[in-house]
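Asker: I'd like to ask you about the structure that follows.
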Amino acid sequence: MNAPLLEIKRLSKAFGRVIAASNIDLTIDPGVLTSIIGPNGAGKSTLINMLSGSLPVDSGRILFQGADITHLPIHHRVRMGLCRSFQVVNIFPDLTVFDNIQIPVLAVHKRARRLFRPVAREAGVREEVSQVLDRVGLAAEAQTVASALSHGDQRLLEVGIALAVRPRLLFLDEPTAGMNPVERVRVLENIRGLSEEGKTTFVIVEHDMDIVFSLSDRVVVLHHGVIIGDGTTEDIQKSARVREVYLGEEVMT
Amino acid sequence: MKRFWTYVFIALILAGLVSIGLFAGRFVVYLSMRVLILSIFALGYNLLLGRTGLLSFGHAAFYAGGAYGLGLISIHVTTNPLLGIIVGVGLACIMALVIGFFCVRHTEIYFAMLTLAFGMMVFSLIWNLREVTGGDDGLVGIVRAPISLGFASIPITKTSHYYFFVLFCFILTVALIYLIRRSPFGLVLSGIRENDRRIEFAGLSVRNYRLAAFVISGTFAGLAGALGALLESNANPFSAHWSHSAEPILVSLIGGIQTFTGPVVGSVVFILLREIIERFTQNWMLWFGLILLIIIMGLRGGVVGGVAQLFRRKRSHVAKSGGNR
Ligand SMILES: Nc1ncnc2c1ncn2[C@@H]1O[C@H](COP(=O)(O)OP(=O)(O)OP(=O)(O)O)[C@@H](O)[C@H]1O
Ligand SMILES: [Mg+2]
């Protein structure tokens, strides 16, 4: 039996009077593809922000592979293997697609501090960048400036940058938002494939219920900063509480 | 093919620079040295401004660190300029490390204001520590003794001899900055300029990389300061004044902050323009300011950026960090 990858203990966060997370307890096991769903403003992004280090927690603890990371800076968490992508595109706009991926790959290869050697000569790094580009389907755009990509391609790049750090645990905040169906399928196939390879465990925030139920091993439902449902896709589809929250949405039928 | 012309171009420039040292009159040689020294200052500075996206108003302090470090060694310890330069550059480097440590945790306007505040503090220290720095007189009587390397001794007393030493330092700076811009480290710096939050999610400490860029630029400022003090035979307190910090900024803007050669071209334009205008009018600052305004507003991307754009109108998207123009 594997030890849990991530353990969250009584995590809370409030913005003034808005309670975005209230005593959340959650454990994520390696290899289990988890989706976090919930209506707008449920606190999904806030939870990811706290876990990845973008937001300080009000109270509670976060353990990653047994180590307390509650107060660690972002880059330490990333080096330990915990990374995320963003709901809003957050790339290096004036660099090429290749360089966008190259920066995290350099960091993983511990080459980022090299001062005098041309980056073009880092053969191992270049190869891995090409692999990541192939994977997300941007190989043809390698030399395009990122800001000139279509919105869908920028989303692919967004996910690519997150994948490039070879995370053990990766949070994807609405990875398919604003994509066309073709790109969407591509990203989902990727996530499924990578998840099955077993190197990376995915936690996905997603609004499209078809995607959620076809992809996930486990679904966690958030509402007003509280977990109101947690289980397999069937459990969630049957849950009365969850139905109540999503009342009227045909997707739950 | 393009490579070939680049080499031809570099060879021509080098030949021109060498012939200035061999054939030009004293004044031209002196002026060229001021251009070269300002170029060293600005090349280092632009690693921070153009590459990392940080605007510092305090780099005159590091320039002065180099000048006073050299001056103090020259007056109290040995006139061998080599030791003076090493100590001057080292002092600037340490100052940049200490000041940078406090500044790089802030960004944008806060960073700029902090560097300004530290710069002002260094200036008033130099101004008030009369026993050490000579106060408003500065350190005078710095001699250009031969550079002794133990096995050989290079005379730099004559202006034209010193010119070749400055040229050597300039070429060294160009080469180092060129390498840094093409290195993995240089790419990370452009990443910080583009999106510092995302750099953290690559697993890199933005603060440390910013500090490294700050220290490197401060160190080159120190080299420029040491060379400048040797050129003028004194260390001047106003070299630490915040108005002097504006020089590498202006020069980089004139040449183009997103280009490699911009700071050098900007230095040529700056020194020449100033020299010419000063001939014709008392209030040169007014006219100088006007012309700078026209260049900076009229040529977005600076002289080098503007010219480069003319050459590649057809290619639509070119990455900022991609080339070393
Ligand atoms: N930085 C902030 N300052 C103040 N309030 C915030 C902040 N971030 C989030 N909130 C509030 O916290 C609540 C949870 O927001 P969050 O972004 O986590 O929701 P979400 O589940 O990701 O929603 P969506 O599906 O729209 O992305 C919302 O009411 C939001 O307005
Ligand atoms: Mg959200």
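The values are calculated or read from the model by the stated rules, or taken from the named source; none is laboratory data. Keep in mind the model is a prediction, meaning the values are calculated, not measured. Note that each Cβ is placed from the backbone with ideal geometry, even for glycine, and that neighbours are counted across all protein chains shown. Surface areas here come from the heavy atoms of the whole protein model, side chains and all, with no ligands, DNA or RNA. Shrake-Rupley method; radii C 1.70, N 1.55, O 1.52, S 1.80 Å.
Asker: Exactly one of these conditions fails for residue A:124: (1) part of a loop (DSSP other than H, G, I, E, B); (2) farther than 26 Å from residue A:223 by Cα; (3) of a type outside the set (S, T, N, Q). Give me its number.
Answerer: Here residue A:124 clears every test but (1).
Asker: Another question, if that's okay. When you look at residue A:77, is it within 16 Å of ligand 1 (Cβ to nearest atom), within 14 Å of chain B (Cβ to nearest Cβ) and not in a loop (DSSP other than H, G, I, E, B), yes or no?
Answerer: On the way: within 16 Å of ligand 1 (Cβ to nearest atom): no; within 14 Å of chain B (Cβ to nearest Cβ): yes; not in a loop (DSSP other than H, G, I, E, B): yes.
For residue A:77, the condition - within 16 Å of ligand 1 (Cβ to nearest atom), within 14 Å of chain B (Cβ to nearest Cβ) and not in a loop (DSSP other than H, G, I, E, B) - is not met.
Asker: Here's another thing I want to ask about it. Of these, B:303, B:265, B:251, which one is crowded, with 18+ Cβ neighbours inside 10 Å and within 25 Å of residue B:100 (Cα to Cα)?
Answerer: Details: B:303 fails: within 25 Å of residue B:100 (Cα to Cα); B:265 fails: within 25 Å of residue B:100 (Cα to Cα).
Only one candidate qualifies: B:251.
Asker: Output the number of the condition that residue A:124 fails; it satisfies all remaining conditions of (1) open to solvent by less than 10 Å² (accessible area, probe 1.4 Å); (2) at pLDDT below 90; (3) within 25 Å of residue B:185 (Cα to Cα); (4) not aliphatic (A, V, I, L, M).
Answerer: (1)
Asker: Among A:102, A:131, which is the only one that is assigned to a helix (DSSP H, G or I) and open to solvent by less than 10 Å² (accessible area, probe 1.4 Å)?
Answerer: A:102
Asker: Now for a separate question. Tell me yes or no: at least one residue of segment B:208-231 is touching a Leu at 6+ places or on another chain (Cβ under 7 Å), in a helix (DSSP H, G or I), facing another protein chain (nearest Cβ under 10 Å) and not hydrophobic (A, V, I, L, M, F, W, C).
Answerer: Looking through segment B:208-231, at least one residue is touching a Leu at 6+ places or on another chain (Cβ under 7 Å), in a helix (DSSP H, G or I), facing another protein chain (nearest Cβ under 10 Å) and not hydrophobic (A, V, I, L, M, F, W, C).
Asker: Residue check: is residue B:72 surrounded by 16 or more Cβ atoms within 10 Å (Cβ to Cβ) and either within 11 Å of residue B:55 (Cα to Cα) or of a type in the set (A, V, I, L, M) (or both)?
Answerer: Yes, satisfied.
Asker: I want to confirm something. Restricting to segment A:180-220 and keeping residues that are open to solvent by 20 Å² or more (accessible area, probe 1.4 Å) and within 16 Å of ligand 2 (Cβ to nearest atom), which single residue is farthest from the other protein chains (Cβ to nearest Cβ)?
Answerer: The selected residue is A:208.
Asker: Separate question: Given the structure, is residue A:78 of a type in the set (Val, Ile, Thr), closer than 24 Å to residue A:135 by Cα and at pLDDT 90 or above?
Answerer: Answer is yes for this residue.
Asker: Name the pairs: first residue in segment A:226-253 and β-branched (Val, Ile, Thr) and part of a helix (DSSP H, G or I), second residue modelled with pLDDT of 75 or more and surrounded by fewer than 16 Cβ atoms within 10 Å (Cβ to Cβ), Cβ to Cβ under 7 Å, at least 6 apart or on different chains?
Answerer: Correct list of pairs: A:245/A:39.
Asker: Next question, about the same structure. Among the candidates B:229, B:246, B:235, B:175, single out the residue that is open to solvent by 10 Å² or more (accessible area, probe 1.4 Å) and more than 13 Å from the chain's Cα centre (by Cα).
Answerer: The conditions single out B:175.
Asker: With the requirement that a residue be among the β-branched types (Val, Ile, Thr) and more than 20 Å from the chain's Cα centre (by Cα), what does segment B:103-137 give you?
Answerer: Scanning segment B:103-137 gives B:107, B:109, B:126, B:132, B:133.
Asker: Further question on the same structure: Only one of these is within 14 Å of chain B (Cβ to nearest Cβ), open to solvent by less than 50 Å² (accessible area, probe 1.4 Å) and away from ligand 2 (no atom under 16 Å from the Cβ): A:162, A:146. Name it.
Answerer: Checking each option against the conditions leaves just A:146.
To keep it simple, each residue is scored yes or no on (1) among the charged types (D, E, K, R); (2) within 14 Å of ligand 2 (Cβ to nearest atom); (3) within 19 Å of residue A:159 (Cβ to Cβ).
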position	(1), (2), (3)
A:5	no, no, no
A:12	no, no, no
A:17	yes, no, no
A:24	no, no, no
A:42	no, yes, no
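Asker: Return the residue satisfying two criteria in turn: it lies in segment A:6-19 and is under 22 Å from residue A:64 (Cα atoms) and open to solvent by 10 Å² or more (accessible area, probe 1.4 Å), and of such residues it is nearest to ligand 1 (Cβ to nearest atom).
Answerer: Here the residue is A:13.
Asker: Select from segment A:81-99 the residues that are open to solvent by less than 60 Å² (accessible area, probe 1.4 Å), more than 9 Å from every other protein chain (Cβ to nearest Cβ) and touching a strand residue (DSSP E or B) at 6+ places or on another chain (Cβ under 7 Å) and list them in ascending order.
Answerer: A:81, A:82 - these are the residues of segment A:81-99 that are open to solvent by less than 60 Å² (accessible area, probe 1.4 Å), more than 9 Å from every other protein chain (Cβ to nearest Cβ) and touching a strand residue (DSSP E or B) at 6+ places or on another chain (Cβ under 7 Å).
Asker: Here are some conditions: (1) among the polar types (S, T, N, Q); (2) touching a Cys at 6+ places or on another chain (Cβ under 9 Å); (3) within 30 Å of residue B:147 (Cα to Cα). Residue B:74 meets all but one. Which one does it not meet?
Answerer: (2)
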